[in-house]
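Enquirer: Pasting in a structure now, in structure tokens, and then I'll have a few things to ask.
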Amino acid sequence: MVAVDGPAGSGKSSVSRAAARALGFDYQDSGAAYRALAWNALEHGVDTEDADAVLASLDDFDYRIGTDPDDYFVRVGGTDVTQAIREPRVTGVVSAIARIPAVRARLVELFRRVIEASDRPGIITEGRDITTVVAPDADVRILLTASEEARMARRSAETPEHSARAVAEQLSSRDAQDSRVVDFMNAADGVTTIDSTNLDFDQTVSAVVDLVRTSRVE
């Protein structure tokens, strides 16, 4: 089991997925669950600012995620929401949902079930509090980070339709809101920091893969 934390725009998802592919592991994007729950709430008219209403919506939240890095999908019930959960309307409310302690506790249970269900040699799970809350006993725990400038540049490249200023404001807002719930900027004891500020994508993936392979040998 490999746990990866990091701030918005650090490359957690793309790097973790590529590293899982290289290692023959499964891959779990924990953020997708929060986004899928936000999408589900919006679709059913749930007030995303009402903690009790959001928590109640979990009772019939039929969530599925593809953990094969070559067959990634996110579904809610019979609906494929892989693309829909990235829409601005979902991004705009997901932090409000992720700040609810009871919701986080329920989704942590979900993440652990996905980890336990993996039948590959390992699974890489990435998100905000994976190394400290979801999987504090993971074989390898990584904080993947980068300078604010680097993170903004990468996110801008991913979303060319948005201005640099808009991207900067979105990243700062996400970090500020999520930092109220979890510390994803500082490595906890036993967590290895990989700073990708001066690394390209392939170099960052290699750094993760090499760390995992070295740690599993020792």
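Enquirer: Please report the equivalent ellipsoid semi-axes of segment 71-126, computed as sqrt(5 x eigenvalue) of the Cα gyration tensor, largest first, in whole Å.
Expert: Details: eigenvalues 100, 60, 20 Å².
Taking √(5λ) for each eigenvalue gives 22, 17, 10 Å, largest first.
Enquirer: Continuing with the same structure: Give the carbon-plus-sulfur fraction of the accessible surface of segment 1-148 in %, rounded to a whole number; probe 1.4 Å, heavy atoms of protein chains only. Intermediate results must be reported in sequence, preceding the final value.
Expert: Working: 2680 of 5890 Å².
Looking at segment 1-148 in its full context, I get 46 percent from C and S.
Enquirer: Please work out the average accessible area per residue across segment 1-73, using the 1.4 Å probe convention, and give it in Å². Spell out each step's value before the answer.
Expert: Details: 2590 Å² over 73 residues.
So segment 1-73 comes to 36 Å² accessible per residue, rounded to a whole number.
Enquirer: Right, something else. If you wrap a convex hull around the alpha carbons of segment 57-164, what volume per residue comes out, as a whole number of Å³?
Expert: On the way: hull volume 16.5 nm³, N = 108.
About 153 Å³ per residue, rounded to a whole number.
The values are calculated or read from the model by the stated rules, or taken from the named source; none is laboratory data. For clarity, every value in this text was computed on a predicted model and none was experimentally measured. Accessible surface is based on the protein model in full, side chains and every heavy atom, while ligands, DNA and RNA are left aside. Shrake-Rupley method; radii C 1.70, N 1.55, O 1.52, S 1.80 Å.
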